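Take a look at the structure below.
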Amino acid sequence: MNDAALLPVMGVCTLRTRFMKTQTTLKNLTLRSTDEADVPLILSFIRELAEYEELLHEVVATEVVLTESLFGDQRVAEVVIAEWDGEPVGFALYFYNFSTFIGRPGIYLEDLYVRPEMRNKGIGKMMIAYLADLTKKQNCGRLEWRVLDWNEPAIRFYRSIGAVAMEEWTEQRVTGKAIDELALHFKPM
């Protein structure tokens with residue numbers, strides 16, 4: 001991954017989109033990159049998000065696994081922490097993918113979470129704006145993510161910033177035992 005993607009975003013964050021008539025400045029907000037010391041915080045945000053989505057029973061991530069995945073020799077994802085007046089209030093976990101159709105990488109936002117008491121302050125919008133800026137700076141072709149179909153507040157928020165549903169696509173997933181069984185069909189030469 002490009003080192004520029006790992007640079008912290010500090011200071012006053014400013015957002016200006018075609019959906020806003022005036023500039024919005026969040027002087028209380030700092031977006032910053034993470035290091036290994038943040039792993040317990042990242043895991044706590046993951047658990048809070050899973051609890052909100054009623055999926056806490058699916059969280060098997062550990063601090064050891066996150067440390068290796070986020071800060072090991074082969075990093076596979078990156079995290080931005082949102083702090084309000086110096087207190088952590090949310091995170092965005094993302095990674096790079098690749099589109100064969102456009103021939104460029106993209107950024108996939110795996111998780112975006114802002115603590116409930118801190119919502120409606122522009123924090124989530126600012127994190128996505130940061131990722132949109134990173135998408136442009138890294139010459140990526142798109143920024144994408146998923147949302148649960150019952151999460152109407154999130155869907156309204158995403159529509160308000162210009163996101164569109166990819167309704168013609170359905171997500172497919174293989175996990176656990178199905179992966180084991182499928183892998184049995186591979187015969188190395």
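What follows draws every value from the coordinates through simple rules; no lab data is involved. Here the structure is a predicted model, which means the values were calculated and not measured. No Cβ is skipped: glycine too gets one built from the backbone with ideal geometry, and neighbour counts run over all protein chains shown.
Stretching the chain fully between E83 and T170 yields a gain of 27.9 nm (0.36 nm per residue, less the alpha carbon separation).
Restricting to Cα pairs below 8 Å that are 6+ residues apart, what does the relative contact order work out to for region 3-183? Please round to a whole percent.
Contact order relative to length: 16 percent.
Shown for M118, M166, M126: other C-beta atoms within 10 Å of each C-beta, ranked fewest to most, produce the order M166, M118, M126. Counting neighbouring beta carbons within 10 Å and listing from fewest to most, the residues V147, V174, V79, V89 come out as V174, V147, V89, V79.
Comparing R156, R75, R173 in a Gaussian network model of the chain, where Cα atoms under 10 Å apart are tied by springs, the biggest mean-square fluctuation is seen for R173.
Shown for the chain: lysine pairs separated by 8 or more places, or found on different chains, whose C-alpha atoms are under 19 Å apart, numbering 7. Under the simplified labelling scheme, the V64-V147 pair shows an inter-label distance of 3.8 nm, with each label point 7 Å from Cα along Cα→Cβ. Between I161 and E54, the distance separating the two model label sites (each 7 Å from Cα on the Cα→Cβ line) works out to 2.5 nm. Please label the shape of region 134-177 as rounded, prolate or oblate, based on the square roots a ≥ b ≥ c of the eigenvalues of the alpha-carbon gyration tensor (a/c under 1.5 means rounded; beyond that, a/b larger than b/c means prolate, else oblate). Oblate shape, in that a/c is at least 1.5 and b/c is the bigger or equal ratio.
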